[in-house]
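Below is one structure; the comments refer to it alone.
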Amino acid sequence: MKAGPFFIRVWRIVSIAGFLFALFSSYISYPDQVVVRFDELNHPVQTMSREVIFYLAIGIFLVSNTMINLIARLFMKIPTAQIPVPNKAAWEARRSKLNLVFKDWFSLLNSAIITVLALGLLVLSFLNRSDRPIRPIEYAWLMPLSIFILLAVVASLPIRLSMKPSDDD
């Protein structure tokens, strides 16, 4: 097995395990009403029930998994001539390799979404702990890291498609 598909499979397993850990550990640590929005003085502005957050996170997980897997399966039915890829002639001869590249990319995208969701649950859990003061600067890394993860995944597909397909399958 090549390093790329191995990394994708490992990230997928780790992201799902991390999501489940974040989901259950944050649910246990949440108060009954979880603060989801603070004002400039770190006073609670908006709260949600911890059950709503729990089921919302599960819903996002299930919908993203279902939709991305459905799109990945439907992609296999698109004729090669209609897929806008560079080096079209090289990819047309290796359709199975092209299918594998897209399947791996959709799995990578799903792993990125699950990772961002798990990180969000953990940060929300940390923000609602009563034993620590709320300092937004401690959690300012979440948004740039989430954007970086998603942009890296989105950019990886055009980069991979611009490469010549390998001969080994």
**Prompt:** If you check every pair at least six apart or on different chains, which have Cβ atoms under 7 Å apart with a residue in region 35-64 that is charged (D, E, K, R) first and a residue that is exposed (fewer than 15 other Cβ atoms within 10 Å of the Cβ) second?
**Reply:** Arg37/Val45; Arg37/Gln46; Asp39/Val45; Arg50/Asp32
**Fill in**
Residue count, region 61-91, condition open to solvent by 90 Å² or more (accessible area, probe 1.4 Å) and of a type in the set (D, E, K, R), comes to 2
**Prompt:** Does Val116 satisfy the criteria of being farther than 30 Å from His43 by Cα, in contact with a helix residue (DSSP H, G or I) (Cβ under 8 Å, 6 or more places away or on another chain) and open to solvent by less than 70 Å² (accessible area, probe 1.4 Å)?
**Reply:** no
**Item:** Answer from Ile58, Ile28 - the residue that is hydrophobic (A, V, I, L, M, F, W, C), closer than 20 Å to Leu119 by Cβ, open to solvent by 30 Å² or more (accessible area, probe 1.4 Å) and at pLDDT 95 or above
**Value:** Ile58
**Complete:** For region 80-132 the number of residues that are within 30 Å of Met48 (Cα to Cα) and of a type in the set (Gly, Ala, Ser) is 6
**Asked** Which is assigned to a strand (DSSP E or B) and either in contact with a Leu (Cβ under 6 Å, 6 or more places away or on another chain) or open to solvent by less than 50 Å² (accessible area, probe 1.4 Å) (or both), of Val34, Val45?
**Response** Val34
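The values are calculated or read from the model by the stated rules, or taken from the named source; none is laboratory data. These numbers come from a predicted model, not from an experiment. Because the Cβ atoms are built from the backbone with ideal geometry, glycine has one as well, and the counts that use them run over all protein chains shown. Just so you know, the surface numbers come from the protein's heavy atoms only, side chains and all, with ligands and any DNA or RNA stripped out. Shrake-Rupley method; radii C 1.70, N 1.55, O 1.52, S 1.80 Å.
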